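Asker: Below is a structure I'd like to ask you about.
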Amino acid sequence: MTADVTMTLHPTEAEATLSEAEAKVNAGNENGDGAATNACTNMPVNKVQFDTNQLAMYYARLYPYEFMYDWLSYHVPSASATIQDKKNTPSRNSSANNACNVFPKREWSFTLNVRGEEIYMRYQSFLNAEEFSAAVRKRNPHKIDIGAVFSHPPKDHKTIKNFTTVQRELVFDIDLTDYDPVRTCCSGANICRKCWKFMNMAVKVMDVGLKEDFGFEHVYWFYSGRRGVHAWISDEAARMLSNEARSAVAHYFEVECESAQNKEGLKLHAPIHPMLARAYSILEPMFVDSIIPEKEGQGLLANEENWMKVLNSLPSGGKIIRTNLAEKWNNNSNESLTPSEKWEDLKRQIGIVVGKGKSNKGKGAQYLKGDERERLEMWPYETVFKYTYPRLDINVSTHQNHLLKSPFCIHPKTGRVCIPIQVDKIDSFDPFSVPTLPQILSELDEYEKKQNDGDGGDENKIRDWQKTSLRNSFSHFHKQLKHLQSTLRRKERDSRDAEDALLGDF
């Protein structure tokens, strides 16, 4: 198999070596949950050392090749199918034929580390699960990326004239570095449990929007392994979207928050779009819990310097509010009103000025009108969205031919597994508790030691990943695959019924 190989001596900015700040954090002590911590910032360290032999062991025993094949071939395996069975090409059965048309035409890329140099191999493709497994074990890549399904096997792309993309999952990439303008606890590659809450907010908004507004069923979320999350939407309708349609979906969710390129920030208009109204109902309680407090959040309304920045961001129609609340809050001991009480106080004052709240003004009172009224009325929405709304890497989503890191990889910078995330348990997801490569290999050794001591059950019924702390997250994805396969079976049955109806075969 011919491979496109590129030697990369300089990592991209996103994968740059640890910053000086990270290096200082790495010198921290171990805390109770096993994550190293900087004594000054209480910032857990997200880096674990591992070697190529450990990575080879992971690929040999724990990487879920069957999951990847069953997912990315979009076929329904028989109940007794194994990875060995999948090396044969079925001749009949529409679902199996779909696997023959999809999986071998999928692009994979491997990033290898050879004597300290990165070698990037694009346009890899594999006939079946067995061939894919053999290539991964042989190459031992420290990073795997997944691309589109093409018209022909990508390994043959140099000999094909009309080599084009055919389908690809709709994907979204959300990274904490894009929140640097609004997070005060960390910056760059550094993350902590405070700023990870931005990811919880993003997942909740995007997941409900993708399912309710577009009708997608198979929305899979994965931890990126370091400082973000990836979404893979695997419905057929999503996979067949053109680049223009992908762009439309991505821009549907995009909100122009304040940034270096957009100094003015978001400007909303009434009536607010139903999607944004729903997002606000999700995000505003999280804004109160995780943005405005000091201890659990970003301290937006926790001290005079910060709350004056908030008050100064009010539009011109809120001048009287700014004056009144600055005097009121600054005259307190800074502890008599909690940040959440300040936020409610602020919203209440806005309601009065725009004529929607209770006031002491009598009949004939003058309220704001026109553009001044709209700007002030929209300000709470704009402020909440500035700090909490998902910040998408839009370019990842808009083109079929865009590579994205494979789920279940080991992140080369952190040693953590890129595991599936359960959306209904997103609030309890802790990136610093995600299993690391050394940890799961140790768990595997410990399990087998107990087996050898005669303390275990039937070894043949348990897969290796079930012997480790990968068990819950891998099992969750297995359930998602079953749901996908149920959908594929239903579609296959409907297709057969439609064909029978056309032939008059009832």
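Asker: Can you list the equivalent-ellipsoid semi-axes of the stretch 378-506, largest first and in whole Å, using the square root of 5 times each Cα gyration tensor eigenvalue?
Answerer: So the three semi-axes of the stretch 378-506 are 35, 32, 15 Å.
Asker: Follow-up question, since we're still on this one. Counting only the heavy atoms of the protein chains, how much of M57 is accessible to a 1.4 Å probe, in Å² to the nearest 10?
Answerer: Probe radius 1.4 Å; accessible area of M57 about 80 Å².
Asker: Something else: Can you give the alpha-carbon Rg of the stretch 157-289 over 2.2 N^0.38 Å, where N counts its residues?
Answerer: Here the answer is 1.21, to two decimals.
Asker: If the viscosity is 0.890 mPa s and the temperature 25 °C, what Stokes-Einstein diffusion coefficient in µm²/s follows for the stretch 291-356 when Rh is the Kirkwood radius over Cα pairs? Please report the intermediate quantities before stating the final value.
Answerer: Values: Rh = 12.0 Å.
For these conditions, the coefficient is 205 µm²/s.
Asker: State, to one decimal in nm², a quarter of the convex hull surface area for the C-alpha atoms of the stretch 190-240, i.e. the direction-averaged projected area. Before the final figure, lay out each step's value.
Answerer: Numbers: hull surface 15.1 nm².
With the hull built on Cα positions only, its mean projection is 3.8 nm².
Asker: Using Stokes-Einstein with the Kirkwood hydrodynamic radius over Cα pairs, what translational diffusion coefficient do you get for the stretch 371-444 at 10 °C and a viscosity of 1.306 mPa s, in µm²/s rounded to a whole number?
Answerer: Numbers: Rh = 16.4 Å.
It comes out at roughly 97 µm²/s.
Asker: Using modelled amide H (1.01 Å from N, peptide plane; none on Pro or chain starts), what sits under 5 Å from the amide H of S224, excluding residues fewer than 5 places away?
Answerer: V229, H230
Asker: Taking one equal scatterer on every alpha-carbon of the stretch 91-190, how large is log10 of I(q)/I(0) by Debye at q = 0.13, 0.23 1/Å?
Answerer: Debye curve over Cα of the stretch 91-190, log10 I(q)/I(0) at q = 0.13, 0.23 Å⁻¹: -0.64, -1.19.
Asker: OK, next. Roughly how much of K356 is accessible, in Å² to the nearest 10, using a 1.4 Å probe?
Answerer: My reading of the accessible area for K356 is about 140 Å².
Asker: Oh, and also: Normalised radius of gyration for the stretch 238-349, please: alpha carbon Rg relative to 2.2 N^0.38 Å, two decimal places. Write down the numbers at each step before the final one.
Answerer: Details: Rg = 17.7 Å, N = 112, 2.2 N^0.38 = 13.2 Å.
Normalised Rg, Cα atoms only: 1.34.
Asker: While we're looking at this one, here's another question. Could you pull the accessible area for H478 with a 1.4 Å probe, rounded to 10 Å²?
Answerer: So the heavy atoms of H478 present about 60 Å² to solvent.
The values are calculated or read from the model by the stated rules, or taken from the named source; none is laboratory data. Everything numeric in this text was worked out from a predicted model, so none of it was measured. The protein model used for the area step is the full one, side chains on, heavy atoms only, and it has no ligands, DNA or RNA in it. Shrake-Rupley method; radii C 1.70, N 1.55, O 1.52, S 1.80 Å.
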